[in-house]
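Some notes on the structure that comes next.
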Amino acid sequence: MALQLSSAGFCLFRGRRALTTRAVASEDVTTLKEENKVKLGGSDVKVSRLGIGAWSWGDTSYWNDSGWDDRKMKAAKAAFDASIDGGITFFDTAEVYGAAFMGVVNSETLLGRFIKERQQKESVEVAVATKFAPLPWRFGRGSVLSALKSSLSRLGLSSVDLYQLHWPGIWGNEGYIDGLGDAVEQGLVKAVGVSNYSEKRLRDAYNQLKKRGIPLASNQVNYSLIYRNPERNGVKAACDELGITLIAYSPIAQGVLTGKYTPENPPTGPRGRIYTPEFLKELQPLLTRIKEIGQGYGKSPTQVALNWLTCQGNVVPIPGAKNAEQAEEFVGALGWRLTDQEAEELRLLASKTREVVGFPVEKL
């Protein structure tokens, strides 16, 4: 998610080759090279090395300046199509993104619509991830299956590739974990994961599913150059140890690492309370160096920030795309690598910046 809230290794080689734009068709799966896909943990599900987060699609509570209209929907559809064209075929959504009480149209509904419209033109390969919201009034394993079936209905799918618990439950998680296992055994999902889970909760979930012979595929957490809490709280190390893929949400810090915002032009809405002018002033040396490194590769700051995450190993970033231009830019984060020296330099510069506050659910 995004609900607002082990040392990492570094890449050992540099590549300057251009990334080729590809359409992905089921009749010719070789168009998406295997080296551009990774397995989700110990599951059999393979996804593109970078995915697209659909939090903003339909949302009016955090994104889109409290408005959602036909123009923005067309832009989101263009983002979907541009992602597919560029070889990014992994999309992450959730039942609470753009839910009725938060927006005009549910993000799952939009993603399902976009998939259907694309498939009317050609057969496409899309990996879909969505999430269960462990709301206080939801109890036991049955609530997971019930919510999943509603999500599948909105998506217009018979199963999803990845189903995740969106955040830890207030009253306990054992029943929810059992529900994930039931979903796998009933063929409703291909893999299961969690989100915003601490190291201890992650290990508990892993062990509970392991008893049923089901791998815990992923843990989706807030992770970026300026939010490296997963490295300090043991989550990244535990993911690496147990073979659980870390899916990084807010990988470009909700747009702040793109260089778009300055102390004179901070983000609007709720993000403005997190990324204040004072914080943005502190961030300028890092942003300047990101831009300089990117110029050496012919890459944008956004592409450098995303590439830094892929260099950490076992990380799949899922930046949010509101339009085709953003999606096309994300494609350019793949097919090359920062050197280990460059990645370390950025880490050191980032460590001199006051880290932003994460989502409270991480501490449940």
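The values are calculated or read from the model by the stated rules, or taken from the named source; none is laboratory data. Just so it is clear, the model here is predicted, and its values are computed rather than measured. With ideal geometry, Cβ positions are generated from the backbone for all residues, glycine too; neighbour counts draw on all protein chains shown.
In table form, for the structure just shown:
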read-out: Pair list, Cβ < 6 Å and 6+ apart or interchain, from segment 71-97 residues that are within 21 Å of Gln164 (Cβ to Cβ) to residues that are among the basic types (Lys, Arg) and modelled with pLDDT of 95 or more; value: Ala94/Lys131
read-out: Residue count for segment 147-180, restricted to those that are within 22 Å of Ile244 (Cβ to Cβ), surrounded by fewer than 19 Cβ atoms within 10 Å (Cβ to Cβ) and in contact with a helix residue (DSSP H, G or I) (Cβ under 6 Å, 6 or more places away or on another chain); value: 2
read-out: Single condition Leu283 does not satisfy, out of (1) surrounded by fewer than 22 Cβ atoms within 10 Å (Cβ to Cβ); (2) among the hydrophobic types (A, V, I, L, M, F, W, C); (3) modelled with pLDDT under 95; (4) more than 21 Å from the chain's Cα centre (by Cα); value: (1)
read-out: Count of residues meeting criterion [within 25 Å of Ala248 (Cα to Cα), in a helix (DSSP H, G or I) and not aliphatic (A, V, I, L, M)] in segment 134-181; value: 7
read-out: Number of the condition not met by Arg113 [criteria: (1) within 23 Å of Lys72 (Cα to Cα); (2) in contact with a helix residue (DSSP H, G or I) (Cβ under 6 Å, 6 or more places away or on another chain)]; value: (2)
read-out: Hits in segment 186-203 (condition: hydroxyl-bearing (Ser, Thr, Tyr), buried (at least 24 other Cβ atoms within 10 Å of the Cβ) and either part of a helix (DSSP H, G or I) or in contact with an Asp or Glu (Cβ under 9 Å, 6 or more places away or on another chain) (or both)); value: Tyr197
read-out: Gly313, sole failed condition from (1) buried (at least 16 other Cβ atoms within 10 Å of the Cβ); (2) within 23 Å of Phe91 (Cα to Cα); value: (1)
read-out: Residue match in segment 220-228 (condition: at pLDDT 95 or above, on the phi > 0 side of the Ramachandran plot and part of a loop (DSSP other than H, G, I, E, B)); value: no
read-out: Filter result (over 17 Å from Leu162 (Cα atoms) and buried (at least 21 other Cβ atoms within 10 Å of the Cβ)) within segment 230-244; value: Pro230, Val235, Lys236, Ala238
read-out: Close pairs (9 angstrom Cβ cut-off, 6 or more residues apart or separate chains): more than 22 Å from Gly320 (Cα to Cα) in segment 220-243, part of a helix (DSSP H, G or I) and small (Gly, Ala, Ser) anywhere; value: Glu231/Ala237
read-out: Residue within segment 245-257 that is surrounded by fewer than 24 Cβ atoms within 10 Å (Cβ to Cβ), of a type in the set (S, T, N, Q), under 24 Å from Gly51 (Cβ atoms) and at pLDDT below 95 present; value: no
read-out: Those residues of segment 124-133 which are farther than 15 Å from Ser195 by Cα and either of a type in the set (Asp, Glu) or in a loop (DSSP other than H, G, I, E, B) (or both), in sequence order; value: Glu125, Val126
read-out: Per-region count, segment 51-99, residues in a loop (DSSP other than H, G, I, E, B) and at pLDDT below 80; value: 8
read-out: Residue count, segment 297-351 (criterion: among the charged types (D, E, K, R) and closer than 28 Å to Glu241 by Cα); value: 6
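Here is a yes/no grid of residues against (1) out of contact with any strand residue (DSSP E or B) (no Cβ under 6 Å at 6 or more places or on another chain); (2) modelled with pLDDT of 95 or more; (3) assigned to a loop (DSSP other than H, G, I, E, B):
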| site | (1), (2), (3) |
| --- | --- |
| Pro267 | yes, no, yes |
| Gln303 | yes, yes, no |
| Gly313 | yes, yes, yes |
| Ala333 | yes, yes, yes |
| Glu342 | yes, yes, no |
| Glu345 | yes, yes, no |
| Arg354 | yes, no, yes |
